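All of the numbers you see were taken from the coordinates with simple rules; none came from a lab. The model shown is predicted, which means the values in this text are computed figures rather than measured ones. Cβ: placed from backbone, ideal geometry, glycine included. Neighbour counts: every protein chain shown.
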Amino acid sequence: MLLDLTKSEIKTFVEELGEKAFRANQLYDALLQAKKLDEITTLPKSLKEKIKSEYPSFCIYKKLVSKDGTCKYIFKFLDGEIIEGVLMKYKYGNTLCLSTQVGCRMGCSFCASTLNGLKRNLSAGEMLEQVLLVNRDQGGEPDRRAVTNLVLMGMGEPLDNFENVCKFLSLVSSEEGLNISQRNITLSTCGIVPKIYELADRGFSVNLTISLHATNDEERKKLMPIANAFSIQEIIKACKYYFEKTGRRFAFEYTLVAGVNDSLHEADKLAELLKGLPCFVNLIPLNYVQERGMRGTEIKKAYAFLERLTSKGLNATKRRTMGADIGGACGQLRSQVLKEEA
């Protein structure tokens, strides 16, 4: 796939086809604009025929727009597999939450992404194409991006697709490409400890976010099977290493599930657990997933939890609930589409 390649690699590819080097620039510009092959008027028909099998091949299959402006996208591949992404609009810019895998094998008990298991990993180019398609759909241009921030928090576990994710981070932050600063990119993980160390050692400086959701290992195991492999203390140690290597403070996501982890006693334990760390906490009221049966904490109780954390000196915020009316949580729309097609 051409989008898996850097600009210099595309130049080599074009020259190996017997074409002149300037064709690589024309091709690369067209790729960044998410143009379909038949829309590229600068390339000769003979070259387009040669690259047809390597050209990006998936599309926006379905798009839902929430009353709050959030856009939910379903992308469909030629083989029929589908993934999803969410564009959230803020005052500081537009954040795209993108997928790194088709499905997920992490098995978190509150998440819709893992309902149908893991189908396959996405390539770096398939991740990049999500950004390019949404950028085009929102009226963006290569020199005026509609998508300004990225979150690898959609379908899939990024560190379970490590090499492809690293290649994607390099491609999307390249000065020759979209040039999205790594400071504007967040990678969210369940906590695959060895890969956190490796990510730091690779020299990346993206924002690291850990899906925590519990204050002790036993309770976390009930929500997240990954907790059977790596303890909370192991994760915290890896996060400290990431901070030492990158200078980037890290974050913990804590999904508030009614009657499970949302008491003030849990807030006290969370504040004690994270005391003194260069981090902040992002509280997330759970979006209801019918197949899971869990419900999010009511808003009043969520704010009480937040107030308790901040009163203990912890830097914490409550994420604004967005896109709930269009199935905004990870995997919800995909699950719905799969049911309809079945």
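At-a-glance table
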item	result
Reciprocal of mean inverse Cα separation for segment 1-55 (Kirkwood radius, Å)	11.0
Residue order, fewest to most beta carbons within 10 Å, for 213, 265	265, 213
Span from the segment 178-193 Cα centroid across to the segment 144-160 one, whole angstrom	7
Backbone HN-Hα couplings from phi across segment 205-210 [Karplus 6.51/-1.76/1.60, Hz, Gly and Pro as x]	10, 6, 6, 9, 10, 10
Ranking of 311, 263, 53 by count of other Cβ atoms within 10 Å, fewest first	53, 311, 263
Under Karplus coefficients 6.51, -1.76 and 1.60, residue-wise ³J(HN,Hα) of segment 86-100 in Hz, glycine/proline x	10, 9, 10, 9, 10, 5, 7, x, 10, 9, 9, 8, 10, 8, 10
Whether the chain is rounded, prolate or oblate, judged on the alpha carbon gyration tensor where a/c under 1.5 counts as rounded	prolate
Count of lysine pairs in segment 215-322 with Cα separation under 15 Å (8 or more residues apart, or interchain)	7
Kyte-Doolittle mean at least 1.6, axial Cα span of 24 Å or more - DSSP H helices of the chain	none
Point-charge dipole on Cβ atoms (K/R +1, D/E -1) for segment 52-125, about Cα centre, debye to 20	200
Qualifying aspartates and glutamates (Cα of each under 14 Å from Cα of residue 45; at least 8 residues distant if same chain)	19
Ascending count of other beta-carbon atoms within 10 Å, so fewest first, for 303, 55	303, 55
Members of 11/195; 63/91; 50/72 lying beyond 30 Å, as alpha-carbon distances in this model show	11/195; 50/72
